[in-house]
Amino acid sequence: MPRLKEGVMNLVKVLKIGGSILTDKNRSSIARKKEIKRVAEEIAQSPEALILVHGAGSFGHVIAKKYGLPERFNPEGLRATHQSVIKLNELVVQALSEAGADPMPIHPFSCMVLKDGKIESFALEPIVEMVKRGLMPVLHGDVAMDITRGSGIVSGDQLVTHMAKTMTAKIVAIGTNVDGVIVQGKILSKISMKELPSIDIELGGGSGIDVTGGMRGKLLELLDLADAGIESVIFNACRKGQIIKALEGESVGTIVRRAT
Ligand code: IPE
């Protein structure tokens, strides 16, 4: 039986790797296999107490949009989108295990419900047990049942903030394909809710088809988390070595912090 790692829940790290890194976001279901391998190898170097969430990229957004999700309840669309994101998850889990980590797939569709697009309940016990036994849960953006709307989409960013809040994560890192929050060509080293109104219009970021709000949606989630007392960092996971730095708590991009 694997030994229970005492105190590990005080050291939880939550990392998200955006779908735009792992897939070609404009073309349906095209994985970037080399990038998946590189990302997996970096993550496998710092696996302690880590929960990984990856985006859906073109395995999710393109198909969801085709079926009119999340606005339209469409069983076929739900199934097709879920089955597609599972395929990307399998590729990530496989690459991580080849890189020497002990990843375990978790499919959000089966263990949570939304209410008006927000996570209402989420069975975290299996994830906690995995972390305690040295396994790495690997979750992904997914479709989900919504108790008011029927169906919805749970973004990787929502998963990250929910878990980080519930488990009081020590490190929360969001890997994207940009260097952080960029305003007038400059990377902000820090941002809080206070600064948001003045820069709101300039938040573009992300590329390709996106049904979960791009950089703006991401930032709103993280600002909310910051106001609950948990800082996070948005960084460029396409740059070699940045993932390890982020996991070690070194400065790599824009820190999202509580308004002072
Ligand atoms: C989206 O997840 C999930 C679906 C479209 C089914 P994310 O919002 O986390 O994915 P990325 O990172 O933008 O690709």
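The values are calculated or read from the model by the stated rules, or taken from the named source; none is laboratory data. Keep in mind the model is a prediction, meaning the values are calculated, not measured. Methodologically, a virtual Cβ is constructed for each residue, glycine included, from the backbone with ideal geometry; neighbour enumeration extends over all protein chains shown. Just the protein is used for accessible areas: all its heavy atoms, side chains included, with ligands, DNA and RNA removed. Shrake-Rupley method; radii C 1.70, N 1.55, O 1.52, S 1.80 Å.
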- Can you give me the P(r) profile for region 50-97? Cα pairs, bins 10 angstrom wide beginning at 0, each as a whole percent. 27, 47, 21, 5
- Message: Cut-off under 19 Å on the C-alpha distance; same-chain residues fewer than 8 positions from Lys218 excluded. Which aspartates and glutamates are left, in chain and number order?
- Response: Asp116, Glu120, Asp142, Asp157, Asp179, Glu195, Asp200, Glu202, Asp210, Asp227, Glu231
- Query: So, by mean Cβ neighbours within 10 angstrom, what's the order for 119-128, 59-68 with the highest one leading?
  - Reply: 59-68, 119-128
- Could you state the accessible area per residue of region 126-178 in Å², with a 1.4 Å probe and every protein chain left in place? 30 Å²
- Query: Using only helices, what value at 222 nm comes out for the chain when you add -39,500 (n - 2.57) per DSSP H run of length 4 or more and divide by the total residues, to the nearest 500 deg cm²/dmol?
  - Reply: -10000 deg cm²/dmol
- Mean projected area, convex hull of alpha-carbon positions in the chain, reported to one decimal in nm², is 13.2 nm²
- Quick one: if you take sqrt(5λ) for each eigenvalue of the C-alpha gyration tensor of region 111-197, what semi-axes come out, biggest first, whole angstrom? 27, 20, 12
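At a 1.4 Å probe radius, carbon and sulfur cover how many percent of the accessible area of the chain? Walk me through the intermediate numbers first.
Values: 6140 of 11960 Å².
Exposed carbon and sulfur together represent 51 percent of the surface.
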- Message: Could you work out the relative contact order of the chain? I mean the mean sequence separation of Cα pairs under 8 Å and 6+ apart, divided by the number of residues, in percent.
- Response: 23 percent
- Options Thr260, Val138, Phe73, ranked by Cα towards positive dipole end of the chain, top entry (Cβ charges): Val138
- Query: How many percent of all Cα-Cα pairs in region 1-121 sit more than 22 Å apart?
  - Reply: 41 percent
- In the calculated pair distance distribution of region 48-176, what percentage of Cα-Cα distances lie above 24 Å? 25 percent
- Excluding residues fewer than 8 positions from Lys65 in its own chain, the lysines with Cα under 17 Å of it are Lys25
- Task: Please identify the helices of the chain, taking whole runs of DSSP H, that span at least 18 Å along their own axis as judged from the Cα atoms and have a mean Kyte-Doolittle score of -1.0 or higher.
- Result: 75-98, 214-227
- Query: Sorted by mean Cβ packing within 10 Å, highest first, what order do the peptides 69-82, 235-248 take?
  - Reply: 235-248, 69-82
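Based on DSSP, what percent of beta bridges with both residues in the chain are antiparallel, to the nearest 5?
40 percent
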- Express as a percent, rounded to the nearest 5, the fraction of DSSP beta bridges in region 1-129 (both residues included) that run antiparallel. 50 percent
